[in-house]
Amino acid sequence: TPHGAGWYPNMDAYYLIMAALAGELFDEPRYREQAERYVEFLALRQYPEGAFPYMDLQNESPGIYHDIVVSKLARYWQLTGSQKALDLIEATVPFHPRMVEPGGAVEFYTAPYWKQQWSRKGPAVPEIVAGITGDPVNKAVAAHLLETYRAEDAGGTETYGTIGILAATLYRTDIEPAPLPDGYVIYDRNVEGPRGRFGRWSFAGT
């Protein structure tokens, strides 16, 4: 991007994993140091309530871009035990519970730039967040999305591909799902505007 390194988070997250794996394969400290440097870049890009932008300073929504960053941070944490990566994952806890609608669709309308569409998403990344943090609301989001996938036979690479495999390694049965948030209006600092939900009606402004 025009700003240089650290302003394209989902690509930086892929680079992070490549550097970390190179450090393991070649036992090379400089690759490990580069990986940690990119965790720090991602920390600079994370918004106040957990979202990661696609690039630069635009809004994010729970499409593939935020989820790529979270899944790569989770894999990096598995490989290294990085506290910095864990802190970033824990900061994402509020994100999916606010963005996934009762019907299983996700809020795409505050981020129209990024090829988004009004559609359902897979359960893998909320499951990853729940597995790492123990958060019962993300566990409920994942369970809800899995049910919508089963009901509609939606399939999809996120559920059954590499991110889904990562979610399976973090799957936990000791978390009791909690109800999704409802009946609220908040100021969402990720989009710098209001967000609310009342039953099956949700809204946001940015």
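Here are some notes:
- Members of region 89-110 that are part of a loop (DSSP other than H, G, I, E, B), touching a residue at least 60 places away in the same chain (Cβ under 8 Å), of a type outside the set (Ser, Thr, Tyr) and under 17 Å from ALA51 (Cβ atoms): GLU101, GLU107
- Scanning region 6-44 for residues that are over 18 Å from GLN78 (Cβ atoms), open to solvent by less than 10 Å² (accessible area, probe 1.4 Å) and out of contact with any His (no Cβ under 9 Å at 6 or more places or on another chain) yields a single hit, GLY6.
- Cβ pairs under 9 Å, 6+ apart, first in region 16-43 and acidic (Asp, Glu), second open to solvent by 80 Å² or more (accessible area, probe 1.4 Å): GLU24/ARG32; GLU36/LYS84; GLU40/LYS84
- Of the residues making up region 98-106, not a single one is in contact with a strand residue (DSSP E or B) (Cβ under 9 Å, 6 or more places away or on another chain), open to solvent by 50 Å² or more (accessible area, probe 1.4 Å) and at pLDDT below 85.
- Picking from residues in region 60-83 that are more than 19 Å from MET18 (Cβ to Cβ) and outside any loop (DSSP other than H, G, I, E, B), the one that is least open to solvent (accessible area, probe 1.4 Å) is HIS66.
- Identity of the residue in region 1-22, over 22 Å from the mean Cα position of the chain (by Cα) and at pLDDT below 95, that ends up nearest to ARG189 (Cα to Cα): HIS3
- Yes/no for LEU86 being out of contact with any strand residue (DSSP E or B) (no Cβ under 7 Å at 6 or more places or on another chain), open to solvent by less than 20 Å² (accessible area, probe 1.4 Å) and in a helix (DSSP H, G or I): no
The values are calculated or read from the model by the stated rules, or taken from the named source; none is laboratory data. All figures in this text were calculated on a predicted structure; none of them were measured in a lab. Using ideal geometry, Cβ is built from the backbone for each residue, glycine included, and neighbour counts are taken over all protein chains shown. Please note that ligands, DNA and RNA were not included when accessible areas were found on the heavy atoms of the full protein model with its side chains. Shrake-Rupley method; radii C 1.70, N 1.55, O 1.52, S 1.80 Å.
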